[in-house]
Each structure stands twice: as C-alpha cells, then as structure tokens.
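Here the structure is laid out as structure tokens; the discussion comes afterwards.
Each value in this text was obtained by applying a stated rule to the coordinates, not by laboratory testing. Bear in mind that the values here come from a model prediction, so they are computed numbers and not experimental data. Please note: Cβ atoms are built from the backbone with ideal geometry, for glycine as well, and neighbour counts cover all protein chains shown.
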Amino acid sequence: MQGPFRAVLPLVLASASPRRQALLAGQGLHFSVRPSAGPEPAPLPDEEPATYAARMASLKGQDVAQTHPGAVIISADTIVVVGNAILGKPKNPDQALDMLRALADQWHEVMTGFCVLHQKHRVHVCRTVTTRVHMPLTPETLLRAYIATGEPMDKAGAYGIQGCGAFLVDEVQGSYTNVVGLPLRSVMDVLLDIQAIAPFLC
C-alpha cells in the first residue's frame, strides 16, 4: 500500500490483529506478522493497569524477538479500564452484555501498551498510551443487536470502535488509533527515532 514511509530495517509485528496490521500497512510499511505464542498472565497484585498493559506488550515482544534478533519487533496489548478494573474479552454473549452495561453512561479508559525492540542494537522502548472514551446510555435491545453481530467477542471491553460498534461511542479524548489497538503516532515516532523507518520521497 502506498504511504508516506518505508521500512529501513526489517519490521515484525508481534500481533495477529488485523486492525494493527491495517494501521501499519496504511503508512506504506512492509512488515512480517509473527504473533506471540506466549502466555498472557493476569495482573500482579496492586499492579496499575497502565503498567500491566506495558508488561504484556513487553512479554509479547520479547517472545518474538528470541527468534527474530535482527528485526525490529513491534508489540502491543490493549485493555479497557473502568475505575481500576480491567475488562478483558468476553467469554460469552451474556458477559459481553454485562461489560457494555458497565461502560454505559460514563467515561472509561482504553490503554495500549506498546514496545519496540531491536535486540541487535539493544533497543527496548515500552510505553502506554491512554485514551478516554465516553459511552452514552444505549437501549438494551440495541446492545443485544450489536452482540448478535459477533463483533464484541474478540474485543477487550466487548466493543470495537472501528467496526459497527462505533455507534456506541459519542466522544473520544486522545488518540483514536489507540482505541483501535495501536497508538500510531507514538509508535511511528519511536520507529523514526531509532531510524527503523524513513519518509518515502518520490
């Protein structure tokens, strides 16, 4: 895909997320996809959500970096937080409905921890970006209709802002792509800083 950047170093995305892949590809970057097969442990006692998101991203990135030491590894982990409670992916439609009810009529936070690693050059940059999202009250009939699409079942917090779940959200404060699953500007800034990518000049 044509875009304003080109990869200078080999890039590997440690994620099977088609949304993250689309965001990077839209910038003109060529990369390999190698999802991490490592476990995703629960938060540690008293671990802050932002710290947890960054730790998960780091674990995923390090797992893939072991077999790709010469490449720049991009990894990420997105969580939805209400208060200090982390909402994962729903296990069934009833749990999805409970999550959407919990998010209704209030603000919540979407946090994406991301890491850029390059073992060869000893690069290990991990950060967490937070976006505030507001959901108004939505009739339960509409929530059930959304759940029936199947979209919520592989989404943290049981919704996807980039899909048909966009109607659930009325305000976003911060990075929109962060809610999609990758804070694109922050990731690109790191890749530019370590000279893993460069502007493409025709």
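At a glance:
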quantity	calculated
Relative packing of peptides 157-165, 66-74, 26-34, 137-145 - highest average C-beta neighbours within 10 Å first	157-165, 66-74, 26-34, 137-145
Protection proxy ranking of 118-126, 8-16, 93-101, 166-174 - average other beta-carbon atoms within 10 Å, highest first	8-16, 93-101, 118-126, 166-174
Translational diffusion coefficient (Stokes-Einstein; Kirkwood radius from C-alpha pairs) of the chain at 25 °C, 0.890 mPa s, in µm²/s	140 µm²/s
Sites Leu9 and Gln173, calculated FRET efficiency, Cβ-Cβ separation with R0 30 Å, nearest 0.05	0.35
Per-residue [θ]222 nm for the chain (sum of -39500 (n - 2.57) over DSSP H runs n ≥ 4, rounded to 500)	-8500 deg cm²/dmol
Cross-link partners of Lys91 among aspartates and glutamates (Cα-Cα below 12 Å; sequence separation of 8 or more within a chain)	Asp154
Spin-label zone in the range 23-45 - amide nitrogen under 20 Å from a point set 7 Å from the Cα of Lys120 along the C-beta vector	29-35
Arg132 versus Arg185: modelled label distance in nm, points set 7 Å from Cα along the beta carbon direction	1.7 nm
Alpha-carbon centroids, the range 1-57 and the range 79-128: separation in whole Å	13 Å
Cα-projected label distance for Leu201 with Arg144, points at 7 Å along beta-carbon direction, nm	6.1 nm
Calculated over the range 113-202: convex hull of Cα atoms, volume per residue (Å³)	138 Å³
Spacing of the two label points (7 Å from each Cα toward its C-beta) at Ala42 and Ala16, in nm	2.4 nm
Kyte-Doolittle mean at least -0.5 and Cα axial length at least 20 Å: DSSP H helices in the chain	49-65
Qualifying lysines (Cα of each under 22 Å from Cα of Lys120; at least 8 residues distant if same chain)	Lys60
Beta bridges by DSSP in the chain, antiparallel share as percent, to the nearest 5	85 percent
